[in-house]
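J.: To start, I am sharing the structure in question, which I have written as C-alpha cells.
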Amino acid sequence: MFKWLHPYAKTQAAYSLSQRLTPWFAGICVLLLVPGTLWGLLFTPADYQQGDSFRIIYIHVPAAMLSMSTYVAMAVAALVGIVWQWRTAFMAMIAMAPVGAVMTFIALFTGAAWGKPMWGAWWVWDARLTSELILLFLYCGVIALYSAFDDKQQAGKAAGIMALVGVVNIPVIHFSVQWWNTLHQGATITKFDKPSIATEMLWPLLMNIAGMMMFIAALTCMRLNNEILRREQHRPWVSALLHDRRENQNAV
Amino acid sequence: MQFDSLSSLIAMGGYGFYVWLSFGVSFLVMGLLVIAAKAERRNLLKTISKNQQRQVRIQKARQNGQSAQE
Amino acid sequence: MSQLIKGVLQRDLAIAFNQKGELAQPLLFLLIVVTLFPIAVGPAPETLQRIGPGVIWVAAILTALLGMERLFKQDYLDGSLEQLLLSGVPVFQIVALKSVVHWLVCFLPLLILSPLLALFLHLSMPMYLALFLSLLLGTPLLSLVGAIAMGLTVGVQKGALLPLLLMVPVFIPLLIFATSAVESAALHLSYAPQLAIIGAMLLCALALAPFATAYALKVSQH
C-alpha cells in the first residue's frame with residue numbers, strides 16, 4: 001500500500017520531490033489565500049451579532065484547525081521514522097514543528113484580538129484557548145528537545161518520541177480542558193451558539209483554510225530541503241547539485 | 001463591496017483595530033517564516049559551496065605539492 | 001533474571017536511603033511551598049479550603065520535577081545505566097522498577113505527609129479523602145510519565161528546564177481531574193468518575209510508558 005512512498009526515504013529523492021512541489025504549493029497558496037482574504041475582508045456581509053469583528057474568523061479558524069492537524073502530521077512523520085527507521089521522516093517532522101508553532105501562535109493571537117471586543121478581555125480561560133496554549137507548549141517542547149541534542153540523528157528520534165507522547169495526549173487534554181472549563185465557566189462569558197454559517201461567509205473561509213494548508217505544505221517543503229541540505233552537505237549528490245547551480249549561474 | 005469608503009473599511013464598524021491587528025500580525029509572522037526559510041537556504045548554499053571550493057583548492061594544492069616533490 | 005531485578009531494586013533503594021539529606025529535600029520543598037500560600041493569600045479558612053487542593057497538587061508536581069533528576073542521571077553519569085542496558089534484562093522492566101523506586105522514595109513520603117498539609121489548608125475530611133485517593137492514583141502516573149521525559153533528556157547537558165517543558169502538557173489533564181475530584185468531594189458529590197479517569201490514565205501509562213522510556217534511553221545512550 002505504501003510502496004510508492006518508500007523511494008522517498010532517500011534524501012535525494014525527497015529533496016527533488018519537494019523541490020518540484022514547492023512552487024506548486026506556493027502558487028496555489030497565493031491563488032487561494034489572497035482572494036479568500038480579500039473576499040472575507042471586503043465583500044462578505046457583516047455578522048448580525050458580532051458586526052465586522054467576525055472577519056477575524058478568516059485567519060483564526062484556518063490557523064486553529066491547521067495547528068492541530070500539523071501536530072498530527074508531525075506525529076505521523078515521527079511514527080513513520082521510528083517504525084521504518086527513516087531519517088527523512090524525522091527531518092520532515094522537525095521541518096513542520098516551527099510552522100505548526102507559528103500557526104498555533106496565530107490562532108492564539110487572533111483569538112485574543114477577537115476575544116477583546118467580544119468577551120471584553122484579551123484572554124479568557126476558554127476551553128479552546130487553553131488547549132491551544134497547551135498545544136503551543138507541546139510544539140515548544142519538541143523544538144527545544146530537538147535543539148538540545150548535538151547529534152541531529154539522535155535529536156530527531158528523541159523529538160519523535162516526544163511528538164508521539166504528545167499526540168496520545170492531545171485528545172485527553174482536549175476533553176479534560178473542555179470538562180474543566182464547563183465546571184469553572186464564569187457568568188461573565190457568554191458563549192455564542194454556533195450558528196450555521198451563511199454560504200457567502202463560508203466560501204472565503206474554505207478558501208483560506210485550503211490556502212493556509214498550501215502555505216504549511218510549501219513551508220514544510222522549503223524547510224525540509226534546508227534540513228536535508230544541512231545534514232547531507234558532504235554527500236556527492238549535493239556537490240553535484242551545487243556544481244550544476246554554479247555552472248548555470250556562470251552561464252547566465 | 002461591503003464598505004462604501006476607505007475610511008469605513010479601515011474603521012470596520014468600530015472593530016478596525018482588532019481586525020487589522022490580527023490580520024497584520026498573522027501575515028507578518030507568516031512572512032517572517034518564509035523569509036527565514038529562504039535566508040536559511042541561501043546561507044546554506046553559500047557555505048556549502050564555499051566549503052566545496054575550499055576542498056577543491058586543498059586538493060589542487062596537494063597535487064601541486066606532490067608534483068613539485070617529484 | 002529475577003535475581004538481577006531484585007538486585008536493582010535493592011541497590012536503588014539503598015542508594016536513595018543512604019542520601020538522607022537528598023531524600024528529605026523534596027519534602028521540605030513541598031512543606032515550604034504549602035506554607036507560603038496561606039501567608040500570600042491570607043489565613044482565612046474559606047480561602048485556603050478553596051485553593052487548598054490546587055496548591056497541594058501543584059506543589060506535588062513541582063516536587064516531582066525536583067526529584068525526577070535522580071531517576072536516571074546518576075546512573076547515567078557513573079555508567080551503571082549502560083551496564084544495566086547491556087545486562088540482557090528487558091529495558092522496560094528496569095525502567096518500570098526505577099519508576100517504582102522513584103515513587104517509593106519521592107511520593108510515598110508525600111502521601112504520609114499529606115494529612116499535615118490538609119490540616120494546614122483546612123481541608124475537610126471528605127476533601128482529604130478525595131485528595132489522598134487522587135494522590136494515590138495520580139502520583140504513580142507522574143513517576144511513569146516523568147521517566148519518559150527524563151529518559152529523553154538524560155544525555156543532554158544544557159537545558160535544565162527541558163523536562164519541565166516536556167512534562168507539563170502531560171500533567172495538565174491529571175491536575176484538572178485530581179483537583180476536580182477534591183472539589184466534588186467538597187460539595188459532597190461523588191468523585192468516582194474523576195478517580196476512574198485518573199485510574200484509566202494510570203493504566204494506560206503503565207502499559208505504554210515503560211516501553212517509551214526504554215526506547216528513549218536507547219536513543220539518548222548513543
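The values are calculated or read from the model by the stated rules, or taken from the named source; none is laboratory data. These numbers were taken from a predicted model, which means no experiment stands behind them. We place every Cβ from the backbone using ideal geometry, glycine too, and count neighbours over all the protein chains shown. These area figures cover heavy atoms from the full protein model, side chains too; ligands, DNA and RNA do not enter into them. Shrake-Rupley method; radii C 1.70, N 1.55, O 1.52, S 1.80 Å.
Each row is one residue, and each column tells you yes or no for (1) more than 8 Å from every other protein chain (Cβ to nearest Cβ); (2) without any contact (Cβ under 8 Å) to a residue 60 or more places away in the chain.
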{"site": "A:TRP39", "(1), (2)": "yes, no"}
{"site": "A:THR44", "(1), (2)": "no, no"}
{"site": "A:ILE57", "(1), (2)": "yes, no"}
{"site": "A:ALA73", "(1), (2)": "yes, yes"}
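J.: Filter segment A:39-56 for residues that are modelled with pLDDT of 75 or more and of a type outside the set (A, V, I, L, M, F, W, C) and give the result. Spell out how you get there, then give the answer.
T.: We begin by selecting, within segment A:39-56, every residue modelled with pLDDT of 75 or more; these are A:39-45, A:52-56.
Scanning segment A:39-56 gives A:GLY40, A:THR44, A:PRO45, A:ASP52, A:SER53, A:ARG55.
J.: Restricting attention to segment B:17-33, and to residues there that are at the interface with another protein chain (Cβ under 8 Å from one of its Cβ atoms) and open to solvent by less than 40 Å² (accessible area, probe 1.4 Å), which single residue is farthest from A:ILE56 (Cα to Cα)?
T.: B:LEU33
J.: Could you tell me which of the residues C:PHE177, C:PHE211 is surrounded by fewer than 23 Cβ atoms within 10 Å (Cβ to Cβ) and in a helix (DSSP H, G or I)?
T.: One residue alone meets the criteria, C:PHE211.
J.: For segment A:195-252, what are the residues that are facing chain B (nearest Cβ under 9 Å), over 27 Å from the mean Cα position of the chain (by Cα) and open to solvent by 50 Å² or more (accessible area, probe 1.4 Å)?
T.: Result: A:HIS234, A:HIS243, A:ARG245, A:ARG246.
J.: Condition first: of a type outside the set (Lys, Arg) and either open to solvent by 70 Å² or more (accessible area, probe 1.4 Å) or in contact with a helix residue (DSSP H, G or I) (Cβ under 7 Å, 6 or more places away or on another chain) (or both). Now tell me which residues in segment C:5-21 satisfy that.
T.: Within segment C:5-21, C:ILE5, C:VAL8, C:LEU9, C:GLN10, C:ASP12, C:LEU13, C:ALA16, C:PHE17, C:ASN18 qualify.
J.: Also: Give all pairs with beta carbons closer than 6 Å in which a residue from segment A:151-168 that is without any contact (Cβ under 8 Å) to a residue 60 or more places away in the chain meets a residue that is surrounded by fewer than 20 Cβ atoms within 10 Å (Cβ to Cβ); count only pairs at least 6 apart in sequence or on separate chains.
T.: Going by the 6 Å Cβ cut-off, the qualifying pairs are A:GLN154/C:HIS222.
J.: So, one more: Sort out which residues of segment C:52-82 are open to solvent by 10 Å² or more (accessible area, probe 1.4 Å), without any contact (Cβ under 8 Å) to a residue 60 or more places away in the chain and either basic (Lys, Arg) or closer than 29 Å to C:SER184 by Cα (or both), and write them in order of number.
T.: Of everything in segment C:52-82, those that are open to solvent by 10 Å² or more (accessible area, probe 1.4 Å), without any contact (Cβ under 8 Å) to a residue 60 or more places away in the chain and either basic (Lys, Arg) or closer than 29 Å to C:SER184 by Cα (or both) turn out to be C:LEU62, C:ARG70.
J.: For segment A:38-73, name all the residues that are among the polar types (S, T, N, Q) and either closer than 17 Å to A:ALA113 by Cα or not in a helix (DSSP H, G or I) (or both). Quick ask: steps written out before the conclusion?
T.: Our first condition is that a residue be among the polar types (S, T, N, Q); within segment A:38-73, this holds for A:44, A:49-50, A:53, A:67, A:69-70.
Across segment A:38-73, the qualifying residues are A:THR44, A:GLN49, A:GLN50, A:SER53.
J.: In segment A:1-38, what residues are modelled with pLDDT of 85 or more, open to solvent by 90 Å² or more (accessible area, probe 1.4 Å) and of a type outside the set (D, E, K, R)?
T.: Of everything in segment A:1-38, those that are modelled with pLDDT of 85 or more, open to solvent by 90 Å² or more (accessible area, probe 1.4 Å) and of a type outside the set (D, E, K, R) turn out to be A:TRP24, A:LEU31.
J.: Next question. Which count do you get for residues in segment B:35-44 that are open to solvent by less than 80 Å² (accessible area, probe 1.4 Å), in contact with a helix residue (DSSP H, G or I) (Cβ under 8 Å, 6 or more places away or on another chain) and more than 7 Å from chain A (Cβ to nearest Cβ)?
T.: The qualifying residues number 0.
J.: Here is a follow-up. Being open to solvent by 20 Å² or more (accessible area, probe 1.4 Å) and among the aliphatic types (A, V, I, L, M) is the requirement here; does A:VAL99 meet it?
T.: Working: open to solvent by 20 Å² or more (accessible area, probe 1.4 Å): no; among the aliphatic types (A, V, I, L, M): yes.
Answer is no for this residue.
Yes or no, residue by residue, for (1) facing another protein chain (nearest Cβ under 9 Å); (2) in contact with a Cys (Cβ under 9 Å, 6 or more places away or on another chain); (3) surrounded by fewer than 17 Cβ atoms within 10 Å (Cβ to Cβ); (4) part of a helix (DSSP H, G or I):
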residue	(1), (2), (3), (4)
C:LEU108	no, no, yes, yes
C:LEU117	no, no, no, yes
C:MET127	no, no, no, yes
C:ALA149	yes, no, no, yes
C:LYS158	yes, no, yes, no
C:PRO173	yes, no, no, yes
C:ALA181	no, no, no, yes
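J.: Consider C:LEU123 carefully, then state whether it is farther than 20 Å from C:VAL95 by Cα and either more than 9 Å from chain A (Cβ to nearest Cβ) or among the charged types (D, E, K, R) (or both).
T.: Yes, satisfied.
J.: In addition: Go over the candidates A:PHE90, A:PHE137 one by one and state the one that is free of Cβ contacts under 8 Å to residues at least 12 places away in the same chain and either open to solvent by 10 Å² or more (accessible area, probe 1.4 Å) or within 12 Å of another protein chain (Cβ to nearest Cβ) (or both).
T.: Among A:PHE90, A:PHE137, only A:PHE137 is free of Cβ contacts under 8 Å to residues at least 12 places away in the same chain and either open to solvent by 10 Å² or more (accessible area, probe 1.4 Å) or within 12 Å of another protein chain (Cβ to nearest Cβ) (or both).
Conditions tested, residue by residue: (1) under 16 Å from C:THR63 (Cα atoms); (2) within 14 Å of the chain's Cα centre (by Cα).
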| site | (1), (2) |
| --- | --- |
| C:PRO126 | no, no |
| C:LEU137 | no, yes |
| C:PRO140 | yes, yes |
| C:GLY146 | yes, yes |
| C:THR153 | no, no |
| C:ILE176 | no, no |
| C:SER190 | no, no |
| C:CYS204 | no, no |
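J.: Residues to consider are A:SER131, A:SER67; find the one that is crowded, with 19+ Cβ neighbours inside 10 Å and without any contact (Cβ under 8 Å) to a residue 60 or more places away in the chain.
T.: Just a single option satisfies the conditions, and that option is A:SER131.
J.: Only one of (1) open to solvent by less than 30 Å² (accessible area, probe 1.4 Å); (2) touching a helix residue (DSSP H, G or I) at 6+ places or on another chain (Cβ under 6 Å); (3) small (Gly, Ala, Ser) is not met by A:ALA112, so which one is it?
T.: (2)
J.: Return the only residue of C:VAL95, C:VAL33, C:VAL89, C:VAL41 being surrounded by fewer than 20 Cβ atoms within 10 Å (Cβ to Cβ), within 19 Å of C:LEU144 (Cβ to Cβ) and touching a helix residue (DSSP H, G or I) at 6+ places or on another chain (Cβ under 6 Å).
T.: C:VAL89
J.: Which one of A:GLY120, A:GLY115, A:GLY111 is over 30 Å from A:TYR15 (Cβ atoms) and in contact with a His (Cβ under 7 Å, 6 or more places away or on another chain)?
T.: A:GLY111
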